[in-house]
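> Take a look at the following structure, please.
Computed from the coordinates by the stated procedures, all read-outs in this text should not be read as laboratory data. Since we're looking at a predicted model, the values are computed, not measured. So basically every Cβ, Gly included, is an ideal-geometry build from the backbone, and we count neighbours across all protein chains shown.
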Amino acid sequence: MGRAFEFRKARKMKRWAAMSKIFSRLNKDIIIAIKDGGNADHETNSTLRAVLQNCRAANMPKDNIARAIKKATDKDTSEYKQVTFEGYGPHGIAFFVETATDNNNRTVASVRSDFSHNGGNLGTTGNVEFLFNRVCFFNISSEGQDSDDLELELIDCGAEEIEQDESTFIITAPFESFGGLQKKLEEMELEILESGFDRIPTTTTDLGEAETLEVEKLLEKLEENDDVQNVFHTMSSSSDG
């Protein structure tokens, strides 16, 4: 079983536990996709199309989606910016944090506080990024699909790993292959259930129960931060419970 699959599954179990946080994250994703793409037409804005697929996968109410789109097209709406943070938690565990913020000073202060009050240290840009491989992923229904045939179809588009999780195929590829894979899957008329980006650690650290709890304290604090979109770390997925 591939490392990308293991870490995505471990994070997914935690991610879907707090739907309000998921909806907040998706709300910002919609706004950023529209602002960056220049329009709210999912037919021409491929990033927005991918975000809306994720909204459906999370069962986000249509009214919530409509409000987010309206907010994004409002000229008076503050623009969210994507800002990343890097640092170390307890026991040398590396953390890479992705945020979406309309107030950078507030976000810097809150993330720094999360680290310093939970046994960690916020570092500088490039401090830990090299410890993670940035990849893209697509989840599609495995019904009526053969993984070998699918791999042959997608390998030229950058697909590196295809794993099955219950009734779903998870396709992983390099970050820069996202657009080509999305286009190919749509040409094949395969429904994309979810898609996005991950940072997979190149090496991981196994910890004991007590040490794991210390790291999870920082992890949970960061995930509760309203400005934080995603948190990646180098603690072994087997420690993720």
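> Residue separation times 0.36 nm, minus the C-alpha to C-alpha distance between Glu220 and His91: what's the value?
Values: separation 129, 0.36 × 129 = 46.44 nm, distance 1.62 nm.
Here the segment from Glu220 to His91 would lengthen by 44.8 nm.
> Continuing with the same structure: Any idea how far the Cα center of the stretch 37-110 sits from the one of the stretch 153-177, in Å?
One Cα centre to the other: 24 Å.
> Still on this structure: What nm distance separates the two modelled labels at Thr84 and Glu129, each placed 7 Å from Cα along Cα→Cβ?
A separation of 0.5 nm, rounded to one decimal place.
> Now for a separate question. Can you classify the chain as rounded, prolate or oblate using the Cα gyration tensor, where a ≥ b ≥ c are the square roots of its eigenvalues, rounded means a/c under 1.5, and otherwise it's prolate if a/b beats b/c and oblate if not? Each step should come with its number before you reach the end.
Details: a/c = 1.89, a/b = 1.16, b/c = 1.62.
Oblate, because a/c is 1.5 or more while a/b does not exceed b/c.
> Where nothing but the Cβ of Lys and Arg (+1) and of Asp and Glu (-1) is charged, how large is the charge dipole of the chain around its Cα centre, in debye to the nearest 20?
Approximately 1200 debye in magnitude.
> When the helix-only estimate is applied to the chain (DSSP H runs of n ≥ 4, each -39,500 (n - 2.57), divided by the residue count), what is the mean residue ellipticity at 222 nm, nearest 500 deg cm²/dmol?
Helix-only estimate at 222 nm: -13500 deg cm²/dmol.
> Could I ask something else about it? In nm, give the distance between the simple-model label positions of Asn59 and Lys35, each being 7 Å from the Cα along the Cα-to-Cβ direction.
Label-label distance for Asn59 and Lys35, simple model: 3.0 nm.
> Given points 7 Å out from each Cα along the Cα-Cβ axis, report the Met188 to Arg106 separation in nanometres with one decimal.
Output for this residue pair reads 4.3 nm.
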